[in-house]
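Here's the structure, in C-alpha cells; my notes come after.
Read-outs throughout are calculated quantities, based only on the coordinates presented, and are distinct from any laboratory measurement. These numbers were taken from a predicted model, which means no experiment stands behind them. Cβ placement follows ideal geometry from the backbone for every residue including glycine, while neighbour counts extend to all protein chains displayed.
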Amino acid sequence: MRESGMTLEQRIFSEERAARIVSAMQAQIDVGNFCGIEWRLARDHKVLHSGKVGLRDTDSGVPVPDGALYRVYSMTKPVISALLMMLWEEGRFRLYDPLSRFLPAFADRQVLIREADGSERLEPARRPINIADLLTHTSGLSYDFLYDCPVAERYAEAVIIGDGESTLEMLVARIAEFPLAKHPGSTYHYSVSVDVAAHLAQVIADKPLGELLRERLFEPLGMADTAFHVPEGKRDRVMGMYGTPFLHTPVPPAEMPPQQLTPLPVDDSHPFDKPGIYERGGHGLFSTTEDYGRFADMLVAGKTTDGRPLLAGPTLDLFTANRLTDKHLPFVINGLPTPGYGFGLGVRVRMDVGRTYTPGRVGEFGWAGAATTNFWVDPEENITGVFMTQYQGPSGTVEPVTDEFRTLAYSTLV
C-alpha cells in the first residue's frame, strides 16, 4: 500500500543518532577522500535531517554552498524512467511494443559475438528490442566503460558517451549504427538504453526532453535548480569534480587505480552551457540535494508535496517491481554483483534483506551516479535518502561512503 503517513511499523527518527552522520562524513573529508559531501533524509515530504561538510572545490576553499549543484550522472536515469511511465499511463505506448515502432533505426538488430579465440562475428538478434528492455537494461545495448565487451570497446573508440557537443537525437542515431552486445532479453547489461528511452519520450510527446521534464516533473515538484544546463548566475554553485579519468575506458578491475583527490576536468564531456543541445537520458542532469530529494519523496506515493498525483499507485508498483528472472540474477555491473537486489523499470529493487549488505526493507529502491551520488526510497519505512558528492572512480575503487551513509541513516530509526 502506497499511502504516505506514519504506521505502527515505522520507526521513530532519532536526532541524537543523526549526529553520527555529521561526524562520519566530516571524517571522510578530513582524510582527503572527498572534497565536499551533502545529504538529506526525509519522510512525508518533510526533511528529518540534512547536512553538508567540506568544500565546493579545493582551489577556492569555499565551503559547500547552499543549493550546491551536482552532476548526478546516472541518477538522471530514474527521472527519465518516471517520465516515460507518465507517458505510459496516458496510453502512448505499451511496454512490450517493439522499439522500432517509434525508432525504425533499431529494427533488424545484429549481435556482435566474440569467440574464445578472439575472432568476432555477427548474428541476427533472436527477438526485437522492446520498450521495457530499455528501462531494465536488457536491450542488448552497452556502455563504453564495460570491460571485456567488444561493443563497449567500439563505443569508447567512437567517443559515444563523452561527446558533449551532440544533441540527444544525434547520439541515439550513432548508437543505432553499432551492433548489440547481447541478445535482447537474455541478460542484464548496463547500457545507454535510457538515452534511447529519453529520445523515445521526445518522439512520443513531440517535445524536447528538457521541456518535457520541466513541465511534467521539475515544475510540479518545485525542482527549480534541476536541468541539463546551469544559468550563468548559478555557476558559482557547481561543485568541483575529482577522481580518475577512467569513466569512458574499459578497465579490468585488477588494473583500476586507487582513490585520489585529484581535480577531474569534465566540462567537455558533461557541459553546463549548452541548453537545448546537451540533453541526455542516462546522465546529464545537474541537481541539488533538495531538488533530488523532492523527486525521491514523490516516488514514495506518486504525489507532490501538496498532494497532486504525478504517478498512480499501480504504476509505481509496476515501476518498482523486480523484472529480472533467475538467469539475470544477481545483476552485475563491470564484474561487481548486487546480491539481494533485482531491477525494475529504471531502479534497483531490494528483494532479499538477508542477501544484502546495507539496511533497508524489502521493496526499497533507488540508484546511484558515477560521481558517487546515491539515493534510495523505502516505502515501508516511508523514508527517502539522498547523498551527494563529486568523485569519479572505476567500479570497486571508491571509498564505500554511500554504504556508510545509508547504515548511519537507518541507525537513526529506532
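Taking label points 7 Å from Cα along the Cα-to-Cβ direction, Y96 and I333 give a separation of 3.0 nm. Between I277 and R121, full extension at 0.36 nm per residue minus the direct alpha carbon distance yields a gain of 52.6 nm.
Report for the range 7-154 the percent antiparallel among DSSP-assigned beta bridges with both residues inside it, nearest 5. List each step's numbers first, then the result.
Numbers: 15 of 15 bridges.
Close to 100 percent.
Over the C-alpha trace of the range 116-181, radius of gyration and Dmax come out as 12.8, 38 angstrom.
With a cut-off of 15 Å on the backbone N, the residues of the range 57-87 near the modelled label site 7 Å out from T305 along Cα-Cβ are 67.
State the antiparallel share, in %, of DSSP beta bridges confined to the chain, rounding to the nearest 5. It would help to have the intermediate numbers written out before the result.
Values: 42 of 46 bridges.
Rounded to the nearest five, the antiparallel share is 90 percent.
Once Rg and the Kirkwood radius are both taken over the C-alpha atoms of the range 287-414, their ratio Rg/Rh works out to 0.95. By the Cα gyration tensor, the range 86-205 has an equivalent ellipsoid whose semi-axes, rounded to whole angstrom, run 24, 17, 11 from largest to smallest. In the chain, helices alone account for a calculated mean residue ellipticity at 222 nm of -7000 deg cm²/dmol, with every DSSP H run of four or more residues adding -39,500 (n - 2.57).
Listed from fewest to most Cβ neighbours within 10 Å, the set Y242, Y96, Y190 follows the order Y96, Y190, Y242. Would you mind classifying the range 256-307 by shape? Square roots of the alpha carbon gyration tensor eigenvalues, ordered a ≥ b ≥ c; an a/c under 1.5 is rounded, otherwise it is prolate if a/b is larger than b/c and oblate if not. In terms of gyration-tensor shape, oblate. Pairs exceeding a 27 Å alpha-carbon distance, out of K77/K182; K52/K234; K77/K207; K46/K207: K46/K207.
This model, with +1 at the C-beta of Lys and Arg and -1 at the C-beta of Asp and Glu, gives the range 86-205 a dipole about its Cα centre of some 480 debye.
State the extension gain, in nm to one decimal, for the chain segment bounded by E211 and D236, taking 0.36 nm per residue of separation less the distance between their alpha-carbons.
Details: separation 25, 0.36 × 25 = 9.00 nm, distance 2.43 nm.
Length gained between E211 and D236: 6.6 nm.
Distances between placed amide hydrogens fall under 5 Å for Y242 paired with L264, Y391, Q392, all partners being 5 or more residues away or on another chain. Computed over the chain, relative contact order equals 24 percent, with contacts defined as Cα pairs under 8 Å that lie 6+ residues apart.
Given 10 Å bins starting at zero, what is the percent of C-alpha pairs of the chain in each, up to the one with the largest pair distance? Answer for the chain: a P(r) of 5, 23, 34, 27, 9, 1, 0 percent.
Legend: calculated FRET efficiency, S411 to A321, from the Cβ-Cβ distance at R0 = 25 Å, rounded to 0.05, equals 0.35.
Can you give me the Kirkwood hydrodynamic radius for the range 55-97, using every pair of distinct Cα atoms, in Å to one decimal?
About 13.5 Å for the range 55-97.
Kirkwood's formula applied to the C-alpha pairs of the range 168-317 gives a hydrodynamic radius of 18.0 angstrom.
If you plug the beta carbon distance of E169 and S23 into 1/(1 + (r/R0)^6) with R0 = 51 Å, you get a FRET efficiency near 0.60.
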